[in-house]
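*Asks:* Dumping the structure here so I can ask a few things about it.
Bear in mind that the values in this text are calculations on the coordinates, not laboratory data. Since the structure is predicted, the reported quantities are computational estimates derived from the model, not experimental observations. Every residue, glycine as well, gets a Cβ built from its backbone with ideal geometry; the counts of neighbours run over all protein chains shown.
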Amino acid sequence: MNKMIYITAGEESGDLLGSEVIKYLRTSMPDIVIKGIGGKMMTGAGLVPVFRTEQLGFMGFFELIKHSFVIKKAFKTVLVNIMRDRPSVVLMVDFSEFHIKLAKKIKKVLPETKIIKYVSPQIWASRKSRINDIVKYYDCLCCILPFEPEMYRNELIDCRYVGHPLMDKYKIALDPEEFCGKFGLSEEKTLISVFPGSREQEVKTHLPVLKDYFRKVSKREDIQIAVCRSGNIKEDTFNDADLPPNIKIIPSEYQWDIMENSSIVLCKSGTSTLQTAITKTPSIVFYKVNPLSFWIAKKIVKTRFISLPNIIAGKQINPELIQSEFTTEALLRETDKLLNNEDIYLMRKNELGLVRDTLGQSGAGNKVAQAVIDYI
């Protein structure tokens, strides 16, 4: 039995997912050799890296073009190593465009090597025809969204729903009294929290509207506002923004506590929208990019909604304020709707609870690791 495998991840989020798989594999098969592309988390869990994920963490179309040399170098390096080592299994984590090209090359030279993909490409959002290559070049697909396996029901591929890895991260560090005491909040006031984004540029894009909203809402005696600051955002970004003095800035290490203690969450479209479903906190989703990027996205993406709770539910639970709809007036209107209509508020909490129920239990990484063991 060949107990050497490869795991490849192309960005920080993939490094985290891959590390959870490695931990389970090392416990179940202590003598397994794991090589591949990873960062500090995968390496810390036991990966022998042939290329580092940190060099591949690019976002956006133009950045990918700019850094194409590094991507090509990573591709060639890992392919040469795989051809030499002939692993029994290659687990590819997210990073879909890179990995489908790699899978094609591997299958051409090493048809007996089994290839497992963790996180299905978002064919439900764009380019559904990619399903043909997915079925042809992957032996097993580990899906994290509940509606994805149905898309592969009639295809010849081992498709497994492993649940969403966010369920493993859901952890409350402080009880309500400790949370409020630590950050100078009142247990008696309504907390509205804001998750403006995890990248400097998107935070700066969203801040002008949010600042005006803060200025108007913070005058109310019964409301308090907290902003979650991602570790990627410099403290000066908010310090220099001239926010009202009563706005609390809380680091993202307490993101679950912030959501759990909030009555309403205002959040940029992204992972945080699904976190609000896990905590069952009604939210208002917003997103704004430059007009050209938005125009390109509209041509490519074919979903009715952009936030995952709405996509999973197949209907609008949380309002989405995109581009020109993202205004102070719209935020105030949607906030008032939630604060002044208990029936609407409770209905949204219940609907988010139904979304949460579809996300599975914790242990997604363990289930992916078991798929690897099955194919070894």
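*Asks:* Kindly write out, for the stretch 301-306 in residue order, the coupling ³J(HN,Hα) from the Karplus curve 6.51 cos²θ - 1.76 cosθ + 1.60 (θ = phi - 60°), rounded to whole Hz, with x marking Gly and Pro.
*Replies:* 7, 10, 8, 6, 10, 10
*Asks:* Scan around residue 317 for amide H atoms under 5 Å from its own, H built in the peptide plane at 1.01 Å from N, and keep only partners 5 or more places away or cross-chain.
*Replies:* Amide H neighbours of residue 317, under 5 Å, 5+ apart: 310.
*Asks:* Identify the residues of the stretch 238-263 with backbone N under 15 Å of a label point that sits 7 angstrom from the Cα of residue 200 along the Cα-to-Cβ direction, or state none.
*Replies:* 238-241
*Asks:* Let me ask something additional. At a 10 Å Cβ-Cβ cut-off, how would you order 256, 295, 124, fewest neighbours first?
*Replies:* On the way: 256 19, 295 10, 124 15.
Ordered by Cβ neighbours within 10 Å, fewest first: 295, 124, 256.
*Asks:* Starting with the highest mean, order 237-248, 29-40 by the number of other Cβ atoms within 10 Å, averaged over the residues of each peptide. Provide the component values of the computation, followed by the final result.
*Replies:* On the way: 237-248: 13.8, 29-40: 19.4.
Listed from highest to lowest mean packing, they are 29-40, 237-248.
*Asks:* Something else now. Based only on Cα atoms, what mean projected area does the convex hull of the stretch 213-365 have, in nm²?
*Replies:* 10.6
*Asks:* Can you pull the Kirkwood radius for the stretch 275-362, inverse mean 1/r over Cα pairs, to one decimal in Å? Write out the running numbers ahead of the final one.
*Replies:* Values: mean 1/r = 0.0707 Å⁻¹.
For the stretch 275-362, inverting the mean 1/r across all distinct Cα pairs yields 14.1 Å.
*Asks:* A further question follows. Would you work out which of 207, 258, 247 lies farthest towards the positive end of the dipole of the stretch 176-357? Charges go on Cβ: Lys and Arg +1, Asp and Glu -1.
*Replies:* 207
*Asks:* Filter the trypsin sites (Lys or Arg not before Pro) in the stretch 310-350 down to the DSSP loop ones having no more than 15 other Cβ atoms within 10 Å, then list what survives.
*Replies:* Hits after loop and neighbour filter: 315.
*Asks:* Can you tell which of 68, 338, 358 lies farthest toward the positive end of the dipole of the chain, using +1 and -1 charges on the Cβ of basic and acidic side chains (Lys, Arg; Asp, Glu)?
*Replies:* Farthest along the dipole direction, towards plus: 68.
*Asks:* Expressed as a fraction of 2.2 N^0.38 Å, the rule-of-thumb size for a compact globular protein of N residues, what is the C-alpha radius of gyration of the chain?
*Replies:* Ratio of Cα Rg to 2.2 N^0.38 Å: 1.05.
*Asks:* Give me the one-decimal nm value for the distance between modelled label points at residue 171 and residue 70, 7 Å along each residue's Cα-to-Cβ direction.
*Replies:* Taking the two extended label points, one gets 2.9 nm.
*Asks:* Please go through the residue pairs 104/298; 35/114; 40/204; 23/108; 40/169 and name each one whose alpha carbons sit more than 22 Å apart in this structure. Don't jump to the answer; show the numbers that get you there.
*Replies:* Numbers: 104/298 29 Å; 35/114 15 Å; 40/204 29 Å; 23/108 30 Å; 40/169 18 Å.
Long pairs (Cα-Cα over 22 Å): 104/298; 40/204; 23/108.
*Asks:* Pick out, in residue order, every one of the trypsin sites (Lys or Arg not before Pro) in the stretch 135-227 that is DSSP loop and has at most 10 other C-beta atoms within 10 Å; say none if there are none.
*Replies:* 153, 171, 219
*Asks:* I would also like to ask the following. Can you put 325, 334 in order of Cβ neighbours within 10 angstrom, beginning with the fewest?
*Replies:* 325, 334
*Asks:* Let me ask something else about it. Could you pull out every residue, at least 5 positions away or on a different chain, whose amide H is within less than 5 Å of the one on residue 4? Hs are placed 1.01 Å off N in the peptide plane, and Pro or chain starts have none.
*Replies:* 33, 88
*Asks:* Hey, how many Å between the Cα centroid of the stretch 240-259 and the Cα centroid of the stretch 112-177?
*Replies:* Answer, in whole Å: 33.
*Asks:* Could you give the size of the charge dipole of the chain about its Cα centre, using +1 on the Cβ of each K and R and -1 on the Cβ of each D and E, expressed in debye and rounded to the nearest 20?
*Replies:* Dipole about the Cα centre, nearest 20: 1860 debye.
*Asks:* By count of other Cβ within 10 Å, fewest leading, how are 286, 147 ordered?
*Replies:* 147, 286
*Asks:* Okay, next question. For a Förster distance of 45 Å, can you work out the FRET efficiency between the beta-carbons of residue 155 and residue 324, rounded to the nearest 0.05?
*Replies:* E(calc), rounded to 0.05, equals 0.70.
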